[in-house]
Amino acid sequence: MTAATPAADVEPRPPAAGPPVRLDLWLWAARMFKTRSLARAAIEAGKVEVGGQRAKPARLLRVGDALKVNRGDEVRELEVLALSPSRGPARVAQGLYREIEASRIQREALRLQRRDERAGYQAPLTKPDRRARKLIRALGDIDAL
């Protein structure tokens, strides 16, 4: 006889493929957007493509569909693995899709590039004093010479 495993040790699974789910609802359930209305606005703005084409929020998704989601500087190319009409834990949401490897590598490279660009600049700890303000103003007039 096997011992029953505690509920905390059981890893949550995404729902099995069932009836098709609306695109805006799935993006919200997969935690691509914080609210369903933000997902809808992104779709209407053309920032979400299904199968290489612009889609409408009511488009029905099926398992195996390819998505391209633009959020700010971040572009994700995804494959739909499961459908869910409700938002659940993050672990379940991550099981709803698989990111294409090339997309993940490109996002990581862009993130490292942005980090390196910020590394050279250090904001001053305090406001400029009177002398520093005069120097800043003098540098601003350098083009007038």
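The values are calculated or read from the model by the stated rules, or taken from the named source; none is laboratory data. Every value quoted in this text rests on a predicted model; they were computed, and no experiment measured them. Using ideal geometry, Cβ is built from the backbone for each residue, glycine included, and neighbour counts are taken over all protein chains shown.
Tallying residues that are over 11 Å from Leu23 (Cα atoms), of a type outside the set (S, T, N, Q), surrounded by 14 or more Cβ atoms within 10 Å (Cβ to Cβ) and within 14 Å of the chain's Cα centre (by Cα) within the range 43-81 yields 7. Annotation note: Cβ proximity below 8 Å between a residue of the range 97-113 that is without any contact (Cβ under 8 Å) to a residue 40 or more places away in the chain and a residue that is loosely packed, with under 11 Cβ neighbours inside 10 Å and of a type outside the set (A, V, I, L, M) (sequence gap 6+ or interchain) occurs for Leu110/Asp73. Within the range 115-138, being under 38 Å from the mean Cα position of the chain (by Cα) and surrounded by 10 or more Cβ atoms within 10 Å (Cβ to Cβ) holds for one residue alone: Pro128.
Taking the range 90-125 as the range and being touching a Leu at 6+ places or on another chain (Cβ under 7 Å) and either more than 23 Å from Leu78 (Cα to Cα) or among the hydroxyl-bearing types (Ser, Thr, Tyr) (or both) as the test, only Tyr97 passes. Only a single criterion out of (1) in contact (Cβ under 8 Å) with a residue 12 or more places away in the chain; (2) out of contact with any Asp or Glu (no Cβ under 8 Å at 6 or more places or on another chain); (3) of a type outside the set (Ser, Thr, Tyr); (4) in a loop (DSSP other than H, G, I, E, B) is not satisfied by Pro57, namely (2).
The rows are residues; the columns are (1) farther than 23 Å from Gly72 by Cβ; (2) at pLDDT below 55; (3) aliphatic (A, V, I, L, M); (4) in contact with a strand residue (DSSP E or B) (Cβ under 8 Å, 6 or more places away or on another chain).
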residue: Ala4; (1), (2), (3), (4): yes, yes, yes, no
residue: Ala7; (1), (2), (3), (4): yes, yes, yes, no
residue: Arg13; (1), (2), (3), (4): yes, no, no, no
residue: Leu27; (1), (2), (3), (4): no, no, yes, yes
residue: Arg31; (1), (2), (3), (4): no, no, no, no
residue: Thr35; (1), (2), (3), (4): no, no, no, no
residue: Gly46; (1), (2), (3), (4): no, no, no, yes
residue: Gln53; (1), (2), (3), (4): no, no, no, no
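Kindly provide the set of residues from the range 24-34 that are buried (at least 23 other Cβ atoms within 10 Å of the Cβ) and assigned to a helix (DSSP H, G or I), ordered by number. Matches in the range 24-34: Asp24, Trp26, Leu27, Trp28, Ala29. Report whether or not Ala45 is of a type in the set (A, V, I, L, M), without any contact (Cβ under 8 Å) to a residue 24 or more places away in the chain and out of contact with any helix residue (DSSP H, G or I) (no Cβ under 9 Å at 6 or more places or on another chain). Yes, satisfied.
So, in the range 62-83, how many residues would count as being assigned to a loop (DSSP other than H, G, I, E, B), touching a residue at least 24 places away in the same chain (Cβ under 8 Å) and either of a type in the set (Ser, Thr, Tyr) or over 17 Å from Trp28 (Cβ atoms) (or both)?
Of the residues in the range 62-83, 3 are assigned to a loop (DSSP other than H, G, I, E, B), touching a residue at least 24 places away in the same chain (Cβ under 8 Å) and either of a type in the set (Ser, Thr, Tyr) or over 17 Å from Trp28 (Cβ atoms) (or both).
Considering (1) among the hydroxyl-bearing types (Ser, Thr, Tyr); (2) part of a loop (DSSP other than H, G, I, E, B); (3) closer than 28 Å to Pro19 by Cα, the lone condition that Ser37 does not fulfil carries the number (2).
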